[in-house]
Amino acid sequence: MTERVVFFSDAVFAIAMTLLVVDLRVPEVDNGETSGEVLTSLLPGFLAFVISFAVIALNWNGHHRKFRVINGFDSRLIQLNFLLLFLVAFTPFPTSLMSEYPGEVPSVVLYAAVVASLSLVQLWMWVYAWRHDLIDAIVEPDMYRYVARNLLVVPIVFGISILIAFFWDANIAMYSWLVLIPATIIVARVGGRRKK
């Protein structure tokens, strides 16, 4: 029943992931520059590409998993899905901005806001589908809450990074994204224990 929504969404995710690589171009080389110096100058763009590729891939995976148990849809869920796809399609722009202006407040804040928004919209879709009985009965309340809790980790970490960028330092804000790894593991384990 939801196949058309999933197929269309998959296409948008795939195109957005492909567009990320467009900004990875070999720059003009000055006579005195070595290949090592050229590669070093490409590092911010490459890191932005890797991070954004992972962000889109993780969002695709989350979307895919949700639509394995979302067995119906209505016009509001489709609208929320379009909002998610809008953010996915927009992701290459803040990625490009961050690779051109690494460590600057506007680029870091915009990027963090887009990534946080992706997870918030995924959460909104999950809550909406649950409240409107669009999720398969196999999903129990504990599992619903477990997924919802996990979806909050990204917006919290990236939201805090926005505050760090504004009131402290944009480079430290970018490094704070690494907190996502242990935070996700901790929330998943705590939620897993509660479920048992």
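Every number in this text was worked out from the coordinates using simple rules, so none of it is lab data. None of these values were measured; they are calculated from a predicted model. With ideal geometry, Cβ positions are generated from the backbone for all residues, glycine too; neighbour counts draw on all protein chains shown.
In this structure, does P182 turn out to be within 30 Å of S75 (Cα to Cα), out of contact with any strand residue (DSSP E or B) (no Cβ under 8 Å at 6 or more places or on another chain) and in a helix (DSSP H, G or I)?
On the way: within 30 Å of S75 (Cα to Cα): no; out of contact with any strand residue (DSSP E or B) (no Cβ under 8 Å at 6 or more places or on another chain): yes; in a helix (DSSP H, G or I): yes.
It is false that P182 is within 30 Å of S75 (Cα to Cα), out of contact with any strand residue (DSSP E or B) (no Cβ under 8 Å at 6 or more places or on another chain) and in a helix (DSSP H, G or I).
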Practice problem: Would you mind stating whether P155 is assigned to a loop (DSSP other than H, G, I, E, B) and closer than 23 Å to V88 by Cβ? | Solution: no
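Here is a list: V139, V187, V157. Which entry is under 16 Å from the mean Cα position of the chain (by Cα) and touching a residue at least 24 places away in the same chain (Cβ under 8 Å)? Working first, answer last.
Details: V139 fails: under 16 Å from the mean Cα position of the chain (by Cα); V187 fails: under 16 Å from the mean Cα position of the chain (by Cα).
It is V157.
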Practice problem: For D74, work out the one condition from (1) in contact (Cβ under 8 Å) with a residue 40 or more places away in the chain; (2) under 19 Å from the mean Cα position of the chain (by Cα) it doesn't fulfil. | Solution: (2)
